[in-house]
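In what follows, a structure is listed as structure tokens, so that the remarks can point back to it.
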2 protein chains.
Amino acid sequence: MASIKPSVPKGTRDFSPTEMVRRNYIFDTIKNVFRKYGYQQIETPSMENLSTLTGKYGDEGDKLIFKILNSGDYWSDAENRKLKDESFNYNSKSLLPIISEKALRYDLTVPFARYVVQHQNEITFPFKRFQVQPVWRADRPQKGRYREFYQCDADVVGSDSLLNEAEFVLIYDEALSTLGLKDFTIKINNRKILSGIAEIIDKADNIIDLTVAIDKLDKIGLDGVIKELMERGFSADDIEKIKPVILLEGTNEQKLESLRLALINSDTGLKGCDEIETVFNYIANCQLITANLELDITLARGLNYYTGAIFEVKTNEVAMGSIGGGGRYDDLTGMFGLKGLTGVGISFGADRIYDVMEELNLFPAETAQSTQLLICCFDKEGEKFGFPIIQELRKQGVSAELYPAGAKLKKQLDYANGKHIPYVIIIGSEEIESGLLTLKNMETGVQEKRTVEQIIAAKGKL
Amino acid sequence: MASIKPSVPKGTRDFSPTEMVRRNYIFDTIKNVFRKYGYQQIETPSMENLSTLTGKYGDEGDKLIFKILNSGDYWSDAENRKLKDESFNYNSKSLLPIISEKALRYDLTVPFARYVVQHQNEITFPFKRFQVQPVWRADRPQKGRYREFYQCDADVVGSDSLLNEAEFVLIYDEALSTLGLKDFTIKINNRKILSGIAEIIDKADNIIDLTVAIDKLDKIGLDGVIKELMERGFSADDIEKIKPVILLEGTNEQKLESLRLALINSDTGLKGCDEIETVFNYIANCQLITANLELDITLARGLNYYTGAIFEVKTNEVAMGSIGGGGRYDDLTGMFGLKGLTGVGISFGADRIYDVMEELNLFPAETAQSTQLLICCFDKEGEKFGFPIIQELRKQGVSAELYPAGAKLKKQLDYANGKHIPYVIIIGSEEIESGLLTLKNMETGVQEKRTVEQIIAAKGKL
């Protein structure tokens, strides 16, 4: 019987041993920085009640949530419904609440809000949590966009101090520097500045239109932005007023100064400037390792949501979308009935960071290797001789393997090469007799005779 | 508006910061042992094609697989089907393949088999892999049984050497000893011995009935087993023949000797005895740290599946089901068209190990703590003074936090207690002036005056 070659669902991926080591390297580095700043890990279930997720991501988002079919005889519930209400029409939307009650996590933010409300009496506020788990979206898969991918988030809720914003800049700086990135920019903006800009042209209600257009400056240039603003109903007069703001230049200090002049008639706008300045002042007290910190008022991501600081991180070494982002939101838990809890959070784009590191060759050599030493033998005698040696090496913390007796030496050496094992010990009858083993460096090919004691004593160099 | 208290779907769990630290401690310990023995981590997607999973777990298993509803207009597919075939009846079973193409992973074994077949040309065999990921089952939730839980598996495929079986015994021993378990038993059996027992009473076809009954010896005693064997159609004569085998006593060597006598007429049975002896001989060459290793021919878990060794691990310190298990299977990848690849694997029951460790109080004290030091201050001045200090401590690898200015000292100390932070620095105006900070040990309550340099120099003791 010919069988079909097995595959994974589109938009999902297997991770090979090498990929896993490298992914762990990224996640562990970021997690350790989170911990150093007092963030604690939580995990939430992969599935949430559908009612927890629905309506939180807009109509488009709702469509992209993966729903789980009720187990058991889900169809009888639909039939009962039809019996009770003859006018009930079967269609994808009307059936959904009947045949599905659960769905897969779409992001980490809504489950976190649910967690905070559900566990509010056990939590010590301000609550600084991080979470690294997969999320699922029924998006059309394409290069770099997956239906299952990990998010890597840190948030603090219950503190309005801008110290938190400053620390997130430091966290980005330390984590990405530790991973070896040498040139990246942390962009910061503030929703209140964007509100201020809309206010000074009396278009507070059109802030979304305004920011959507401004956000494209990088891609379509000033002329493109002006064209788009006209199309969205802004007058030539409006555009004249905000042009200096869009084209803001100079150092962060100079930009803030120009902004304050432009926003002089907007209390909200000036408050935004003060907030950004406070963050800059905190950071002026320390030293950024690598990051460039840049006030960028064209930055408007997730605007519906953010109420204060807005962050985005971009590498300047390779062409790549943002590798991180976040911001402050004032009423995250309100959707679950707990009002007045402010929060601020950031996210690392682990898949993109992986691609950047691969392109720049930043993964340490150890991330290719797993086992440090392989013992090869020719027969049962050699295997018996080698087994206590391998156990002693493991006891000393060396990751080591004994190739089971019976295979040709070539196959065993191929195995070592395939797994990037740097050292091999070969045990033949001569070695058993003399007690002098052959230690082969698989990279250089150099072979040396060593006693077991010498090999164990040199374990640090394996 | 009164809002409903948010909750998680039944059978699923949130993990709090303390639970996460403890779960990570268990997983990291086990993973490190896997790595030391040359096992490499992989991950597979949470969702598999439904066709990959269906039919692999029996009819009961198929029902317990969580299916994912097709995204988009799934219902129009069902209607089109009805249009093409008027006799098509809507029911839960007939609709399933039309409205669902994907399902959540039910275990790690079938996805692993799929992985091996799909990536066979990239894999270096024997392939030693480990995998620690959640699985989902639509089981009725009850104490200790969840709908989402982690499995923690190691398998090697492509090697029939019994060295692998021996190393799994050592892996169990090392991992559970490292976690602090002081009295546990690794039970080993061999499918061929069970086949041999069925053979000597000419009931090879009834091996399942036989082993299901024998497996209950612990629970229902010899009389219960005999009763059940009679009910399942075994004659008094049969039972007389196998009674000595069921009641096997003495050391592992004595048991093997008795078994060989009883199974003298079964080549398969004798081969099983040889295999077990070979595993024992490997292990006799090393030293088990803690584990008792016990030949237990009543052990029959997963029999449909296993063809050689069968493992199960039980703690003797608290009443608890098995905390680990596994065995050899001869044709794992056959279901995906790759024949003749033998494998052997084990699994750790992480949730049960967690419960055992909690009951025995085995988690290290550090697993309760996260941040090592908190700086408390009274105002913006103190915060400004404290910020470079906290950054210097973090640079030295200390996990430290600065409580944002503006909260009462009591609130800040409550925060330290809530997060089990062992040391607190209090910065008031006097401290800023003198440069001598107050370092408070939160456990003893002792306060001492220290310079910043002294605190940083003593970081190892924090």
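No value in this document is a laboratory result; all are computed from the given coordinates. Everything quoted here is computed from the prediction, not taken from an experiment. Positions of Cβ are backbone-derived with ideal geometry, glycine not excepted, and every protein chain shown enters the neighbour counts.
Near B:GLU199, within a Cβ-to-Cβ distance under 13 Å, what is the net charge of the other residues, with Lys and Arg +1 and Asp and Glu -1? Once positives and negatives cancel, what remains is +1.
Sparse packing (at most 12 other Cβ atoms within 10 Å of the Cβ) combined with a DSSP loop state is found for the following trypsin sites (Lys or Arg not before Pro) in segment B:139-243: B:LYS143, B:LYS182. Stokes-Einstein diffusion of segment B:66-214 at 20 °C, 1.002 mPa s viscosity, Kirkwood radius from Cα pairs, rounded to a whole number: 105 µm²/s. Taken over segment A:301-385, the ratio of Cα radius of gyration to 2.2 N^0.38 Å equals 2.02. Mind checking which of A:ILE389, A:GLN454, A:TYR415 is farthest towards the positive end of segment A:369-461's charge dipole, using Cβ charges of +1 (Lys, Arg) and -1 (Asp, Glu) about the Cα centre? The Cα lying farthest towards the positive end belongs to A:TYR415. Label-to-label distances for A:LEU83 across copies, nearest first, come out at 3.0 nm, using points 7 Å from Cα in the beta-carbon direction. The share of Cα pairs per 5 Å bin across segment A:47-104, counted from zero up to the longest distance, runs 4, 19, 26, 22, 15, 12, 2 percent.
Among the GluC sites (Glu not before Pro) found in segment A:187-252, those both in a DSSP coil and sparsely packed, with 14 or fewer other Cβ atoms within 10 Å of their Cβ, are A:GLU249. Distances, shortest first, from the label point of B:SER322 to those at the same position in the other copies read 5.0 nm; the point lies 7 Å along Cα to C-beta. For A:LEU338, neighbours were defined as the other residues whose beta-carbon sits under 12 Å from its Cβ, and their charges (Lys and Arg +1, Asp and Glu -1) total +2. Note on segment B:106-164: Kirkwood hydrodynamic radius from all Cα pairs is 13.2 Å, rounded to one decimal. Inter-label distance, B:ASN441 to B:SER258: 5.8 nm, where each label sits 7 Å from its Cα along the C-beta direction.
About its Cα centre, the dipole of chain A is roughly 1380 debye, where the only charges are +1 on Lys and Arg Cβ and -1 on Asp and Glu Cβ. For A:GLU257, the distances from its label point to the matching points in the remaining copies are 9.7 nm, ordered from shortest, with each point set 7 Å beyond Cα toward Cβ. Restriction of the GluC sites (Glu not before Pro) in segment A:390-462 to DSSP coil positions whose beta-carbon has at most 11 other beta-carbons within 10 angstrom yields A:GLU443.
Near A:ASP28: Cβ cut-off under 13 Å, other residues only, Lys/Arg at +1 and Asp/Glu at -1. The net charge is +4.
Lysine pairs, Cα distance under 16 Å, 8 or more residues apart or cross-chain: how many in segment A:58-153? Walk me through the numbers before you get to the answer.
Details: A:LYS63/A:LYS93; A:LYS63/A:LYS102; A:LYS67/A:LYS93; A:LYS67/A:LYS102; A:LYS82/A:LYS93; A:LYS93/A:LYS102.
Lysine pairs satisfying the spacing and distance rule in segment A:58-153 number 6.
Out of every Cα pair in segment B:369-461, what percent are spaced more than 21 Å from each other? Across segment B:369-461, Cα pairs with separations above 21 Å total 21 percent.
Here, P(r) means the percent of Cα pairs in each 20 Å bin from 0 to the largest distance; for chain A it is 19, 41, 28, 11, 1.
Partner lysines whose Cα lies under 22 Å from the Cα of A:LYS255, excluding those fewer than 8 positions away in the same chain, are identified as A:LYS187, A:LYS192, A:LYS216, A:LYS219, A:LYS241, A:LYS243, A:LYS271, A:LYS314. In the frame of its principal axes, the protein assembly as shown has Cα extents of 101, 79, 55 Å, reported largest first.
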